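Trainee: The following block contains the structure, expressed as structure tokens.
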Amino acid sequence: LQEQFKGKIWLVEADETDNKFIEDLFFPTKILSINSVWAPGGVQKTKAVVSGKWTPKFPIDTEKVVEIVKNARNLDIEIEFEDKGRK
């Protein structure tokens with residue numbers, strides 16, 4: 001598959017929970033917490049707190065994770081790091 005798509009491929013289960021889906025997107029990085037709140041109008045907001053702090057060498061593009069979660073699960077997610085840095 002990697003040869004066909006010319007990049008790294010990460011497989012996740014289609015029927016897993018939203019939290020497990022988010023954790024799998026960050027693997028092997030540890031997720032400390034995932035919390036969801038519902039705003040007026042039934043809008044769900046989700047926040048994931050990632051272990052450690054963001055550095056330019058962080059191996060996962062958090063903007064892509066936000067986009068993937070929105071497209072695959074229709075969730076608005078905010079990503080924070082344990083040691084405040086970049087979202």
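What follows is calculated from the coordinates using simple rules that are stated; it is not laboratory data. Every value quoted in this text rests on a predicted model; they were computed, and no experiment measured them. Please note: Cβ atoms are built from the backbone with ideal geometry, for glycine as well, and neighbour counts cover all protein chains shown.
Trainee: Compare the peptides 45-51, 7-13 by average per-residue count of other Cβ atoms within 10 angstrom and give them in order, highest first.
Mentor: Final packing ranking: 45-51, 7-13.
Trainee: On to the next question. Based on DSSP, what percent of beta bridges with both residues in the stretch 13-83 are antiparallel, to the nearest 5?
Mentor: About 55 percent, rounded to the nearest 5.
Trainee: Taking just the alpha carbons, could you work out the radius of gyration and Dmax for the chain, both in angstroms?
Mentor: Cα radius of gyration and Dmax of the chain are 13.7, 45 Å respectively.
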